[in-house]
Ligand code: ADP
């Protein structure tokens, strides 16, 4: 059955617009390769208009009381939850993830709006003892001003709200450039904010398929004081360089290459269940997906068998259909990359336990859930982000060895390990060079916890009170003559 969502407009300065160029492009369902909607193709002039509107709106929004901003965020969170079915369907159609996953993401996305809305009321300052009796030292926090966000396709709603939530809570305006592959969820969220009573200009969603041209307008504009980006390390580096000239603040959530370590004292069944969640959420297309499975020698066979059995039980297909737990990948190039990683591993001597090829669906960008054993460090799958449903397993003997191998990566986003030894829990937590550590936990992400990486995985944190700080400038007020 063909499902179409029609023609979406852009949301610029509080107005729905077809854009200056009048050109449009198609949004394709990766499960069926059919066009599900069209969107206007914004040009740099549209982005200029969004920035102008944000600059005008900034003063009033930035000086509004926190409870007002909080109420709008709470209302938006409520509307998202109320519309979970509709939003999940839009997400599945544009991104491919199964409906159950999409529902989960919508609720997760709403949680950022709710949590940061609550936190807006707790942006406290400081009073510091002065060094002379006639002075007082006061510290206040102010919104950084106009901000911009560039977001990826793998979490079409949550990557938006994880940025919009803290921005609005802090009193910043924001312009979003969502991925050209999944802009519909972003536009649905804009609609929700409009209904929630957000003043015009505070939020704009500018969609276009020339990302670098649109981003350049943002990066060159001195009035935009912060850029928050989630995406590839390659683009993150470009943006960081471009941010230098106007000295914008940057938050960069970039690639990862997560190790997933299972010690022989772990509960294997629990570790397998967490591995499935960690590896297969979003078909493995997340930056915190486990990419390298290190399993201690004595249990590697048992773990591999159980994981392959569980992966084999997962039904692959159109995410709108009942019972489907693995949807398509986002585009043909993603399938090619996954296949290249698998073939490279097999060519270099890995054992293919299950899967290992494109799925037999007639249309759509499907790949079979795949388990590889006996992988070695030189294989592509152990070095590059696979972004697909492939679990690559390698044995290890002891703690020091596995820490060294896990740290041998330019990335440092998430690491997971499974053990019951409390000493080991702390030793690894301290020594693994990663920003997020999951101990007996394959899905640590949540609104109140800091999400972000080290090394090539980026700069800054999102979620939590630390994520809010990224949208606030510290201002020191020295009071004399007292
Ligand atoms: P992914 O590999 O996850 O698609 P990308 O980094 O290519 O990651 O894309 C993430 C976001 O960055 C998308 O919104 C995309 O349009 C945008 N983007 C891609 N290239 C550039 C660029 N040169 N400058 C700014 N944004 C870009």
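Laboratory data are not the source of any read-out in this text; all were calculated from the coordinates shown. This one's a predicted model, so the numbers in the text were calculated from it and none came from an experiment. Positions of Cβ are backbone-derived with ideal geometry, glycine not excepted, and every protein chain shown enters the neighbour counts.
Give the Kirkwood hydrodynamic radius (Å, one decimal) of segment 1-104, defined as one over the mean of 1/r across all pairs of different Cα atoms. If you can, show how the numbers build up before the last one.
Details: mean 1/r = 0.0616 Å⁻¹.
When all Cα pairs of segment 1-104 are included, the Kirkwood radius is 16.2 Å.
Run the numbers on the chain and let me know its relative contact order in percent, using alpha-carbon pairs under 8 Å that are six or more apart.
Numbers: 1138 pairs, mean separation 85.9, N = 482.
Once normalised by length, the contact order is 18 percent.
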Quiz item: With the contact rule set at Cα under 8 Å and sequence spacing of 6 or more, what percent relative contact order holds for segment 205-360?
Solution: 15
Quiz prompt | Computed over segment 348-464: relative contact order in percent, which uses C-alpha pairs under 8 Å that are six or more apart | solution = 17
Exercise. Please pull out the direction-averaged projected area of segment 249-289, using the convex hull of its alpha-carbon atoms, in nm² to one decimal place.
Key: 3.8
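How big is D, in µm² s⁻¹, for segment 113-156 by Stokes-Einstein at 20 °C and 1.002 mPa s if Rh is the Kirkwood radius over C-alpha pairs?
Values: Rh = 14.4 Å.
Reported coefficient: 148 µm²/s.
Calculated FRET efficiency, residue 357 and residue 71, Cβ-Cβ r, R0 56 Å, to nearest 0.05?
Details: r = 52 Å, r/R0 = 0.93.
Computed FRET efficiency for residue 357 and residue 71 comes out at 0.60.
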Quiz item: Can you give the angle from 0 to 90° between the axis of helix 84-95 and the longest principal axis of the chain, with both taken from C-alpha atoms, to the nearest 10?
Solution: 70
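Compute the Kirkwood hydrodynamic radius of segment 396-482, taking the inverse of the mean of 1/r over all pairs of distinct Cα atoms, and give it in Å to one decimal. Don't jump to the answer; show the numbers that get you there.
Details: mean 1/r = 0.0661 Å⁻¹.
Result for segment 396-482, one decimal place: 15.1 Å.
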Exercise. Return one number: the angle in degrees, 0 to 90 and rounded to the nearest 10, between the long axis of the Cα atoms of helix 99-119 and the longest principal axis of the Cα atoms of the chain.
Key: 40
Practice problem: Please report, to one decimal in angstroms, the Kirkwood hydrodynamic radius of segment 238-335 built from all distinct Cα-Cα pairs. | Solution: 16.1
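For the chain, rounded, prolate or oblate, judged on the Cα gyration tensor with a ≥ b ≥ c (square roots of eigenvalues), a/c < 1.5 rounded, else prolate if a/b > b/c? Before the final figure, lay out the partial values.
Working: a/c = 2.06, a/b = 1.32, b/c = 1.56.
Verdict is oblate for the chain.
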Quiz item: Relative to the first principal axis of the alpha-carbon coordinates of the chain, what is the inclination of helix 268-280, with its axis defined by its Cα atoms, in degrees from 0 to 90 and to the nearest 10?
Solution: 60
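With a ≥ b ≥ c taken as the square roots of the eigenvalues of the C-alpha gyration tensor of segment 312-352, please select rounded if a/c is under 1.5 and otherwise prolate if a/b is larger than b/c or oblate if it is not?
Details: a/c = 6.76, a/b = 1.78, b/c = 3.81.
It comes out oblate by the Cα gyration axes.
Arrange the peptides 215-223, 422-430 so that the one whose residues have, on average, the most other Cβ atoms within 10 Å appears first.
Taking the mean over residues of other Cβ atoms within 10 Å, the ranking is 215-223, 422-430.
With a 10 Å radius around each residue's Cβ, average the other Cβ atoms per peptide and rank 70-83, 165-178, highest first. Intermediate results must be reported in sequence, preceding the final value.
Working: 70-83: 19.6, 165-178: 27.9.
In descending order of packing, they fall as 165-178, 70-83.
For the chain, what does -39500 (n - 2.57) per DSSP helix run (n ≥ 4), summed and divided by total residues, give at 222 nm, in deg cm²/dmol to the nearest 500? Kindly include the intermediate steps, with their values, before the conclusion.
On the way: 14 runs with 187 residues, N = 482.
Calculated mean residue ellipticity at 222 nm is -12500 deg cm²/dmol.
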